[in-house]
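Participant: Just dropping this structure here.
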Amino acid sequence: MTTSAFTRRGLLAAAAVAGGAALAPTSTWRLPASAAAPAILKPTPPEWFTDFGTNAEMLWSSVDPRRRLTPQSRLFVRNHTRTPVIDPAAYTLRVFGDGLATPRAEDEALSLTLADLRRLPCREVVAVHECTGNGRSFFASQQGQTVSGTAWTLGAVGSVRWSGVRLRDVLAPLGLAPDAVSVQATGLDDPFVSGGTDYGRVRRPFPVAKALDDAILAWGMNGEDLLPDHGFPLRLVLPGWVGIASIKWLGSLEVSRTELTSPWNTTFYRMTGPDWPADSPPLTVNPVRSAWELARDAVLPARPVTLTGRSWSGAGRIRRVSVSLDGGASWRPAAVDHRSHEDRGWTQWSVRWARPRPGRHELLARATDEQGRTQPLVAAYNTQGYFFDAVVRHPVQVVA
Ligand SMILES: Nc1nc2c(c(=O)[nH]1)N[C@H]1C(S)=C(S)[C@@H](COP(=O)(O)O)O[C@H]1N2
Ligand SMILES: [Mo]
């Protein structure tokens, strides 16, 4: 990466925008929001999604087993407020902080346009994208525990091909202070207000080490521009990490020589409750999970059938998957599709059920990743219901 990726003209233009940015409220970047505007703009029909208002969950029963990547139209949406509509021509990414080689205050942030970013080498990354709270409803239904937050089953996840630029290629021409440690990403969506508290704009810090490793600033998914709901025109992607780390509608990046914090790494998205220390760290790498490509309580005919599902881990590849067709009494290995080992997407698997007998059955799938992490049988309780990684009991009905 060389500084020539930012042309002199681009930098001058950026400097001009930076000068004006302090005067221009972010609302100039957006169409007028009406109070009646929906929180999610893409269609979320009931055959593809469970509607949670500001959030929408992908239905595993709608997943096409022949398709490895999740189409953008089918991907879950998790909004703290509502999807903003941003004019890409007026959009800039503001970069500031004392962790830059030449420190910049917020009001003198460097502003990068999409054209500036598109001059850098384009990168594509296939990776699982998943909400920290995926599977949360099973704390109640499977473990009898009360937790707060959206009652997802297992569909707050997808596997997609991101396209954009590496964050390290964006930072290289700016240079970092030798002791830069933290980067805070802030979204352009409305401030998040909950329980009478205004938490400000959705934002979360992450280590410079992750920024320089595999962080991406993405404008595309599966070869299309991002949809507004998924962060158009630009979002951060921290592969393998909890969904909240991948800030949508990325408005600014602050690079700092001190550890930055936000409610999204202190109050939210860390483990809280009686079993956790008060200083439990912010959640980062996603755990191991598995899902069957079936509706819960799916009705199956009593004849031989091949069942399919997927397993994934934030820490790397899936090494093996065990399945049980009898509620956990006996286990067998699933047939794992090893083509999925070429990238950071999820792993598809299948199992032949030779003699399904009429009645109710529970299907279980349990994966192990290449770090040796195996899904537990009970997930660790925490009040906000994060990281439900236990084996999920999936009921089906076989009819004669
Ligand atoms: N600006 C902003 N970024 C955000 C959020 C948000 O509400 N606002 N939600 C986060 C959470 S909790 C998740 S799980 C993912 C969801 O991304 P998606 O809606 O594109 O699937 O975005 C993250 N980034
Ligand atoms: Mo999330």
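Matching residues to (1) open to solvent by 10 Å² or more (accessible area, probe 1.4 Å); (2) at pLDDT 95 or above; (3) in a loop (DSSP other than H, G, I, E, B):
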position: HIS361; (1), (2), (3): yes, yes, no
position: ALA380; (1), (2), (3): yes, yes, yes
position: PHE388; (1), (2), (3): no, yes, yes
position: VAL392; (1), (2), (3): yes, yes, yes
position: GLN397; (1), (2), (3): yes, yes, no
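Participant: Assuming SER73 fulfils every condition listed in (1) within 23 Å of ARG203 (Cα to Cα); (2) within 14 Å of ligand 1 (Cβ to nearest atom) apart from one, which condition is it?
Facilitator: It fails just one condition, (1).
Participant: What strands (runs of 3 or more DSSP E), lying completely within the stretch 101-192, carry at least 3 residues that are in the same structural domain as PHE52 (by TED's automatic domain parsing) and within 16 Å of ligand 2 (Cβ to nearest atom)?
Facilitator: 123-130, 157-166
Participant: Find all pairs meeting these conditions: Cβ atoms under 7 angstrom apart; at least six residues apart or on different chains; first residue within the stretch 115-135 and of a type in the set (Ser, Thr, Tyr); second residue within 12 Å of ligand 2 (Cβ to nearest atom) and not in a strand (DSSP E or B).
Facilitator: THR132/VAL242; THR132/GLY243; THR132/ILE244; THR132/TYR269; THR132/LEU283; THR132/TYR386; THR132/PHE387
Participant: Kindly list the number of the only condition in (1) away from ligand 2 (no atom under 16 Å from the Cβ); (2) in a helix (DSSP H, G or I) that fails for GLU254.
Facilitator: Checking GLU254 against (1) away from ligand 2 (no atom under 16 Å from the Cβ); (2) in a helix (DSSP H, G or I), the one that fails is (2).
Participant: Here's something else I'd like to know. Sort out which residues of the stretch 239-285 are away from ligand 1 (no atom under 15 Å from the Cβ) and either open to solvent by less than 50 Å² (accessible area, probe 1.4 Å) or acidic (Asp, Glu) (or both), and write them in order of number.
Facilitator: Answer for the stretch 239-285, where residues must be away from ligand 1 (no atom under 15 Å from the Cβ) and either open to solvent by less than 50 Å² (accessible area, probe 1.4 Å) or acidic (Asp, Glu) (or both): VAL255, SER256, GLU259, LEU260, MET271, THR272, GLY273, ASP275, ASP279, SER280.
Participant: Go through the stretch 63-113 and give me each residue that's out of contact with any strand residue (DSSP E or B) (no Cβ under 8 Å at 6 or more places or on another chain), more than 30 Å from TRP48 (Cβ to Cβ) and free of Cβ contacts under 8 Å to residues at least 60 places away in the same chain.
Facilitator: Matches in the stretch 63-113: ALA89 only.
Participant: Same structure, new question: Could you please let me know if LEU69 is open to solvent by 10 Å² or more (accessible area, probe 1.4 Å), within 15 Å of the chain's Cα centre (by Cα), away from ligand 2 (no atom under 15 Å from the Cβ) and aliphatic (A, V, I, L, M)?
Facilitator: yes
Participant: Among the candidates TRP264, TRP312, TRP276, single out the residue that is among the aromatic types (Phe, Trp, Tyr), touching a residue at least 12 places away in the same chain (Cβ under 8 Å) and part of a loop (DSSP other than H, G, I, E, B).
Facilitator: TRP276
Participant: In the list ASP116, ASP190, which residue meets the criterion of being open to solvent by less than 10 Å² (accessible area, probe 1.4 Å), more than 15 Å from the chain's Cα centre (by Cα) and not basic (Lys, Arg)?
Facilitator: The match here is ASP116.
Participant: Examine the stretch 282-290 for a residue that is farther than 26 Å from ASP369 by Cα, without any contact (Cβ under 8 Å) to a residue 60 or more places away in the chain and either out of contact with any Leu (no Cβ under 8 Å at 6 or more places or on another chain) or assigned to a strand (DSSP E or B) (or both), and state whether such a residue exists.
Facilitator: no
Participant: Scan the stretch 78-87 and give yes if some residue there is in a strand (DSSP E or B) and in contact with a helix residue (DSSP H, G or I) (Cβ under 9 Å, 6 or more places away or on another chain), otherwise no.
Facilitator: yes
Participant: Give the residues of the stretch 323-365 that are charged (D, E, K, R) and more than 22 Å from VAL398 (Cα to Cα), sorted by residue number.
Facilitator: Those that are charged (D, E, K, R) and more than 22 Å from VAL398 (Cα to Cα): ASP337, ARG339, GLU342, ASP343, ARG344.
Participant: Quickly run through the stretch 363-376 and pick out the residues that are of a type outside the set (Gly, Ala, Ser), open to solvent by less than 20 Å² (accessible area, probe 1.4 Å) and touching a Gly at 6+ places or on another chain (Cβ under 8 Å).
Facilitator: LEU364, ASP369
Participant: Scanning for something over 30 Å from VAL336 (Cα atoms), touching a helix residue (DSSP H, G or I) at 6+ places or on another chain (Cβ under 9 Å) and outside the structural domain of ASP107 (by TED's automatic domain parsing), does the stretch 247-262 turn up at least one residue?
Facilitator: Scanning the stretch 247-262 turns up no residue that is over 30 Å from VAL336 (Cα atoms), touching a helix residue (DSSP H, G or I) at 6+ places or on another chain (Cβ under 9 Å) and outside the structural domain of ASP107 (by TED's automatic domain parsing).
The values are calculated or read from the model by the stated rules, or taken from the named source; none is laboratory data. Values in this document were obtained by computation on a predicted structure and should not be read as measured data. Using ideal geometry, Cβ is built from the backbone for each residue, glycine included, and neighbour counts are taken over all protein chains shown. What goes into the accessible areas is simple: the full protein's heavy atoms, side chains included, and nothing from ligands, DNA or RNA. Shrake-Rupley method; radii C 1.70, N 1.55, O 1.52, S 1.80 Å.
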